[in-house]
Amino acid sequence: MPVFESEQQLYTIMNDVFLAVSARPENIEPFVRSNLVIRIRFDEPEAEILVDGRQPPMEVFYGERPGQSNLEVSMSGDLLHDIWMGNESTSGAFFGGRIKTKGSLLKLMKLVDLFRECEAVYPSVAAKHALV
């Protein structure tokens, strides 16, 4: 059984994660200064999130959005949950082909700080939504 029952549930939980991360803008400053737009595509459930770091404050959009992104990341919702809960290795999933990217790997490095901040707040958000 998948962790996220629907696209809307994934969006609700990710919104809580990004709100918590945005509450401490000093921790995501490198991403906001990166001038990057990241598109994250999920399967199981099918969903899409666009994270815009072109200017402060960081903006996050839920659902399909037109336009270009500097980097696209694709994975399952369950895999993101497992990584952020500490049950799965990000590098193992990446090198195992379960995380797919389009765009410069150098740009992917700009996403690392933001990803770590999300990982730090995710367990409490997941618990709040009874995912653990």
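Once C-alpha pairs closer than 8 Å and six or more residues apart are averaged by separation and normalised to the residue number of segment 34-93, the relative contact order reads 34 percent. Using R0 = 25 Å, the C-beta based FRET efficiency linking Glu29 and Ser104 works out to 0.75. Dividing the summed -39500 (n - 2.57) terms of all DSSP H runs of n ≥ 4 by the residue count of the chain sets its mean residue ellipticity at 222 nm at -13500 deg cm²/dmol. Overall, the accessible surface of the chain at a probe of 1.4 angstrom is composed of carbon and sulfur to the extent of 51 percent. On full extension, the segment bounded by Glu46 and Glu64 gains 5.4 nm, given 0.36 nm per residue less the C-alpha separation.
Dipole orientation for the chain: of the candidates Ser104, Val21, Val132, Ser104 has the Cα lying most toward the positive pole (charges on Cβ; Lys, Arg +1; Asp, Glu -1). Remark: the chain carries a charge dipole of roughly 500 debye about the Cα centre, counting +1 on each Lys and Arg Cβ and -1 on each Asp and Glu Cβ. Here the Kirkwood formula puts the hydrodynamic radius of the chain at 14.8 Å, using every distinct Cα pair.
Within the same chain, lysines fewer than 8 places from Lys110 are excluded, and of the rest, those with a Cα less than 18 Å from its Cα are Lys100, Lys102. The listed residues Ile40, Ile83, once ranked by accessible area (1.4 Å probe) with the largest placed first, stand as Ile40, Ile83. Within segment 1-111, DSSP assigns beta bridges of which about 70% are antiparallel (rounded to the nearest 5). Rounded to the nearest 10 square angstrom, Thr12 shows an accessible area of 60 square angstrom against a 1.4 Å probe.
Summing charges over neighbours of Ile40, with a neighbour being any other residue whose Cβ is under 10 Å away from its Cβ, gives 0 when K and R count +1 and D and E count -1. Using a simple spin-label model with pseudo-atoms 7 Å out from Cα toward Cβ, Leu19 and Glu7 lie 2.2 nm apart.
The values are calculated or read from the model by the stated rules, or taken from the named source; none is laboratory data. None of these values were measured; they are calculated from a predicted model. No Cβ is skipped: glycine too gets one built from the backbone with ideal geometry, and neighbour counts run over all protein chains shown. Just so you know, the surface numbers come from the protein's heavy atoms only, side chains and all, with ligands and any DNA or RNA stripped out. Shrake-Rupley method; radii C 1.70, N 1.55, O 1.52, S 1.80 Å.
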